[in-house]
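Below is one structure, written out as structure tokens, with a few remarks after it.
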Ligand SMILES: Nc1ncnc2c1ncn2[C@@H]1O[C@H](COP(=O)(O)OP(=O)(O)OP(=O)(O)O)[C@@H](O)[C@H]1O
Ligand SMILES: [Mg+2]
């Protein structure tokens, strides 16, 4: 038994290693192409230049502060979006006709570039954090709504019957059975919603050149700090990917402990 | 004396897009206070349907269900149910599962945990209080479900194949336990089972149902002394009851089997 797993492990490295190797190979090809002059270093600087400018971002451009600001806004958006999204998802689950009428539209909006709605909020709130958070809320709602409805729809009927046989009030039926039974699915929606919020927040920051990582990237671009701009973009991507894996780990951990 | 539970001409047709499925032909039955009734019949004959009607989970049916002489619609607080499917709450520990009906009824925490602990002990699960259902076997989970319903202290207990997931030994011991509680509390019990020996061991009367649409084929009075336990099972009279019930049941069960094979080949 142990020898089988041992040779298996030798043949197939863990996914994290493969992912890293793929990334390293990509950078190597890019570096080589850049040095050989196939791509203009001005349009697409080599990775080495980009990595070097990280230091500048940390020391002079306030990368950490921008990062904290963006994430605070994204978390605020996801928090507000969760409250509204769970309530809307519950309504779509509860009112069957509303569920049939709107679920398809919500699903469609999840694949639409909602970030383009930003002028609307710019008019309502002005060029400030409120617009950015509002856009984050809009972005994170579709997955939260859909997952809430899905989770509530799929609660096993026998669990609801237990509650009914014990004579639970509708209120207790919801809080003691339906909601906890649907919670893993709802959590999954909130996690995806948070990622959508980050994307929207950075996008709007970039578009209205206000606060956080989006503004930083926009500024660097305007100043033709091209390696710095790419370093900023790379940073956003890396942080998002890390965030995706960490929250995924938290989710499986929460599920397995139950 | 009015029967505790009266089932009067209860029948049920399920309506599906492909037409109606007649699950139950009219069934009538009076159950006395403290009586233990078993219902035995081939798969698909409407046993669970009957239990769900009596328990108030199915509200559209023909006929009437009366508790203490009064017609009921919907769930009745004196009726507790144990279901055929897996029904523990996966997000609650064993003890919190058992304490569930007490928590819903607003019993203080200390008190409800004390009672839940006693019940877990009764079903042989002391030491497993803090485990989640996913960490326990199917049989252990079913025992939690039974303890949870008992915590509700129902006067009438409906159980749908509660022992089906258990091994034979656990089944016998747990049957003894349930019988002991039932006799202590003078609980009126309706048990659905596939197991003839179990039905004879536990019951005052065994109802044999026909293949679908279910009706009552025969009612067998089990005239064995009480208090009973699984020790009864070796006896001669016991064997005679089991043989007689199997005689009746065999034809019905083979109809079910034929239909299943017909569906497979045709
Ligand atoms: N919700 C439903 N809709 C349509 N038909 C149903 C429904 N529930 C049960 N039936 C049908 O009614 C019949 C009786 O079902 P029921 O579950 O009561 O059988 P059962 O005697 O409990 O069987 P088993 O011993 O296998 O549990 C079956 O033929 C089943 O297909
Ligand atoms: Mg059944």
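No value in this document is a laboratory result; all are computed from the given coordinates. Values in this document were obtained by computation on a predicted structure and should not be read as measured data. Note: ideal-geometry Cβ built from the backbone for every residue, glycine included; neighbour counts use all protein chains shown.
Highest mean first, how do A:58-64, B:191-197 rank when packing is the count of other Cβ atoms within 10 Å averaged over residues? Before the final figure, lay out the partial values.
Working: A:58-64: 13.1, B:191-197: 21.4.
Result, highest mean Cβ count within 10 Å first: B:191-197, A:58-64.
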What residue among A:111, A:129, A:82 has the largest mean-square fluctuation in a Gaussian network model of chain A, using Cα springs under 10 Å?
A:111
Pop a pseudo-label 7 angstrom from the Cα along the beta-carbon direction at both residue B:73 and residue A:171 and give the gap in nm to one decimal.
2.6
What is the angle, in °, between the Cα long axis of helix B:109-122 and the longest principal axis of the Cα atoms in chain B? Nearest 10 is fine, range 0 to 90.
50
Of all DSSP beta bridges in the protein assembly as shown, antiparallel share, percent nearest 5:
50
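Please average, across the residues of A:154-160, the number of beta carbons from any other chain that are within 10 Å of each residue's own beta carbon, and give a whole number.
On the way: counts 0, 0, 4, 3, 7, 7, 1.
Averaged over the peptide's residues, the number is 3.
What are the equivalent ellipsoid semi-axes of the range B:88-153, built from the alpha-carbon gyration tensor (square roots of five times its eigenvalues), in whole angstrom, biggest first?
Working: eigenvalues 60, 26, 21 Å².
In descending order, the three semi-axes are 17, 11, 10 Å.
For the protein assembly as shown, how big is Rg over Rh, using alpha carbon atoms and the Kirkwood form of Rh? The partial results should precede the final answer.
Numbers: Rg = 31.9 Å, Rh = 28.1 Å.
With Rg and the Kirkwood Rh in hand, the quotient comes to 1.14.
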For chain B, what is the percent of antiparallel DSSP beta bridges, rounded to the nearest 5?
50
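Roughly speaking, what is the stretch gain from residue B:231 to residue B:167, that is 0.36 nm per residue apart minus the C-alpha to C-alpha distance, in nm to one decimal?
On the way: separation 64, 0.36 × 64 = 23.04 nm, distance 1.73 nm.
Gain on extension, residue B:231 to residue B:167, equals 21.3 nm.
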Relative contact order, percent, of chain A when contacts are C-alpha pairs under 8 Å separated by at least 6 residues?
24
Compute the label zone of residue A:158 within the range B:154-178: residues whose backbone N is under 15 Å from the point 7 Å along Cα-to-Cβ.
B:159-166
Provide the FRET efficiency to the nearest 0.05 for the residue B:255-residue B:134 pair, computing r from the beta carbons and using R0 = 51 Å.
0.85
Projected label distance in nm at residue A:107 and residue B:153, using a 7 Å step from Cα toward the beta-carbon
4.9
P(r), alpha carbons of chain B - 10 Å bins starting at zero, rounded %:
7, 28, 35, 23, 7, 0
Between the range B:231-254 and the range B:151-182, the Cα center-to-center distance that results, in Å
20
Zone residues, the range A:200-237, relative to residue A:55, backbone N less than 13 Å from point 7 Å out along Cα-to-Cβ:
none
Could you give the distance between the Cα centres of the range B:20-50 and the range A:52-97, to the whole Å?
56
Cα Rg, Dmax (largest Cα-Cα span) when computed across the range A:154-221, Å:
21.1, 64
Classify chain A: rounded, prolate or oblate, from the alpha-carbon gyration tensor (a ≥ b ≥ c, eigenvalue square roots; a/c under 1.5 rounded; otherwise prolate if a/b is larger than b/c)?
oblate
Given labels modelled 7 Å from the Cα in the Cβ direction, how far is it in nm from residue B:110 to residue B:185?
2.5
Just check the range B:1-91 against the gyration tensor rule for me: Cα atoms, a ≥ b ≥ c as the square roots of the eigenvalues, rounded for a/c under 1.5, and otherwise prolate or oblate depending on whether a/b exceeds b/c.
oblate
Among B:176, B:160, B:126, determine the one that fluctuates most according to a GNM of chain B built with springs between C-alpha atoms less than 10 Å apart.
B:126
In the calculated pair distance distribution of the range B:56-186, what percentage of Cα-Cα distances lie above 18 Å?
56
Chain B, relative contact order in percent, only Cα pairs under 8 angstrom and at least six apart counted
25
Limiting things to C-alpha atoms, what are the Rg and the maximum Cα-Cα separation (Dmax) for the range A:39-118, in angstroms?
20.9, 58
Most mobile of B:63, B:235, B:256 in a GNM of chain B (Cα contacts under 10 Å)
B:235
